1. Sorted from fewest to most neighbouring beta carbons within 10 Å, what does the list Phe3, Phe143, Phe94, Phe16 look like?
2. Among Gly53, Ala158, Leu18, pick out the residue whose Cα is farthest towards the positive end of the charge dipole of region 8-163, where Lys and Arg carry +1 and Asp and Glu carry -1 on C-beta, about the Cα centre.
3. What is the local net charge at Ile35, summed over the other residues whose Cβ is closer than 15 Å to its Cβ (Lys, Arg +1; Asp, Glu -1)?
4. Give the long-range amide H neighbours of Gly46: residues separated by 5 or more places, or on another chain, with amide H under 5 Å away, using H modelled in the peptide plane at 1.01 Å from N.
5. What number, rounded to the nearest 500 deg cm²/dmol, is the helix-based mean residue ellipticity at 222 nm of the chain, given -39500 (n - 2.57) per DSSP H run of at least four residues and division by all its residues?
6. Going toward the positive end of the dipole of the chain, with +1 on Lys and Arg Cβ and -1 on Asp and Glu Cβ, which of Ser2, Leu75, Leu34 do you reach last?
7. Report the local net charge at Gln165: Lys and Arg +1, Asp and Glu -1, summed over other residues whose C-beta lies under 14 Å from its C-beta.
8. Between (i) 67, 31, 21; (ii) 55, 47, 24; (iii) 46, 41, 30, which entry matches Cα extents along the principal axes in Å as derived from the coordinates of this structure?
Amino acid sequence: MSFRWRTWTGVATVLFLLYGAANLLAAIIVPTTLIAGGAGALGGGGVVFSGDGDSYLLGSSLGALRGSNPKLDTLLVSSMVGMCGQMIALGLVFLAVTWFAFRSGQRWALWTLVVGALIGWPHLIAIMAMYSQRGAPMASGAFGLIPFLVVPLLAFAAGLAGRRQALPA
């Protein structure tokens, strides 16, 4: 199969590459920022889910945590740093599978990419449910996750369309 950028497969490739790159960049920037500045270093962003939701559950702002409870700050920051280590792997695998397997027409690659992107959603839904049960605000955290759901679904749809486009008539 000859790869062309100006096809549905090309669109899917770009979207999957963006998804992988976004995960990789976030996995580098977020822990670096948190290590340097503590749990509140992301400004309005949260350590677990969202800045406002995390602060609600803590009973104080994330920004004040490093000074008021440095042990808890260390726990939250180190948990996020560990999770970002996994995100680095995810981002690199996404980039590699997209570039080398999906782009060259390997059938398994499209399904691997979409399952890889969506398999973590039950965990995110569980976090949202726990926050909701405690009355924590969720809108900002949920809104920030939309691209991480929409982009791989659009890439998957474009990949399926590209497959159909490539089938002999």
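Where a number appears in this text, it was derived from the coordinates with a stated rule and is not lab data. All values derive from a computational prediction rather than experimental measurement. Glycine also receives a Cβ, built like all others from the backbone with ideal geometry; neighbour counts cover every protein chain displayed.
1. Ascending Cβ contact count within 10 Å gives the list Phe143, Phe3, Phe94, Phe16.
2. Of the options given, the answer is Ala158.
3. Value of the local net charge: 0.
4. Gly51
5. Here the helix-only value at 222 nm equals -25000 deg cm²/dmol.
6. The residue sitting farthest along the positive end of the dipole is Ser2.
7. +4
8. (i)
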